[in-house]
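The values are calculated or read from the model by the stated rules, or taken from the named source; none is laboratory data. These figures come from a predicted structure and were not determined experimentally. No Cβ is skipped: glycine too gets one built from the backbone with ideal geometry, and neighbour counts run over all protein chains shown. These accessible areas exclude ligands, DNA and RNA; they are computed on the full protein's heavy atoms, side chains included. Shrake-Rupley method; radii C 1.70, N 1.55, O 1.52, S 1.80 Å.
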Amino acid sequence: QVQLVESGGGLVQAGGSLRLSCAASGRSFSTYAMGWFRQALGKEREFVATISRSGSSTYYADSVKVRFTVSRDNAKNMVFLQMNSLKPEDTAVYYCAASGQMSSRITTYNYWGRGTQVTVSS
């Protein structure tokens, strides 16, 4: 089992950057692919990015490609989401999640954090 805790959210102006972190507990972190999702107020949760167990493969939603970068440090049980050139439409609660395989599908992920709020002002 994996417990996930996100941090790093906050208020930033459009064009700015934030780096989200997700700390995982448990000894089997490196056996999980990790994903980032987001949910804006009144909208469904959507896929943002995913990274393989080793960190060698990544995949992004078209809306964040080039602007966001997902990475992980298996030695520290951490996964990160570097967000650059932020836009007001990036405003949402951001969640990290763990899965047995890389996927953009919410239902693939077994474990979820509680989320961190990101607000981008125009």
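Hey, Val2 hits all of (1) open to solvent by 30 Å² or more (accessible area, probe 1.4 Å); (2) within 19 Å of Ser99 (Cβ to Cβ); (3) not aromatic (Phe, Trp, Tyr) but one; which does it fall short on?
Here Val2 clears every test but (1).
Regarding the stretch 82-100, can at least one residue be identified that is at pLDDT below 95 and loosely packed, with under 14 Cβ neighbours inside 10 Å? Write out each step before concluding.
Residues of the stretch 82-100 at pLDDT below 95: 100.
Retained after the next criterion (residues that are loosely packed, with under 14 Cβ neighbours inside 10 Å): 100.
Checking the stretch 82-100: at least one residue is at pLDDT below 95 and loosely packed, with under 14 Cβ neighbours inside 10 Å.
Output the qualifying pairs, or none if there are none: Cβ atoms under 7 angstrom, residues six or more apart or on different chains, first residue in the stretch 1-16 and among the polar types (S, T, N, Q), second residue open to solvent by 50 Å² or more (accessible area, probe 1.4 Å) and in a strand (DSSP E or B).
Every condition considered, no pair remains.
Among the strands (runs of 3 or more DSSP E) lying completely within the stretch 14-89, list those that include at least 1 residues that are among the basic types (Lys, Arg) and closer than 18 Å to Gly100 by Cβ. Before you say what the answer is, go through the steps one by one.
Numbers: elements: 18-25, 33-39, 46-51, 58-60, 68-73, 78-83.
The qualifying strands (runs of 3 or more DSSP E) are 68-73.
Among Ser28, Ser104, Ser63, Ser56, which is the only one that is out of contact with any Lys or Arg (no Cβ under 6 Å at 6 or more places or on another chain) and closer than 19 Å to Val2 by Cβ?
Just a single option satisfies the conditions, and that option is Ser28.
Every residue, every condition in (1) at pLDDT 95 or above; (2) aromatic (Phe, Trp, Tyr); (3) loosely packed, with under 14 Cβ neighbours inside 10 Å, yes or no:
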| residue | (1), (2), (3) |
| --- | --- |
| Gly15 | yes, no, yes |
| Met34 | yes, no, no |
| Leu41 | yes, no, yes |
| Phe47 | yes, yes, no |
| Ile51 | yes, no, no |
| Tyr59 | yes, yes, no |
| Val70 | yes, no, no |
| Met102 | yes, no, no |
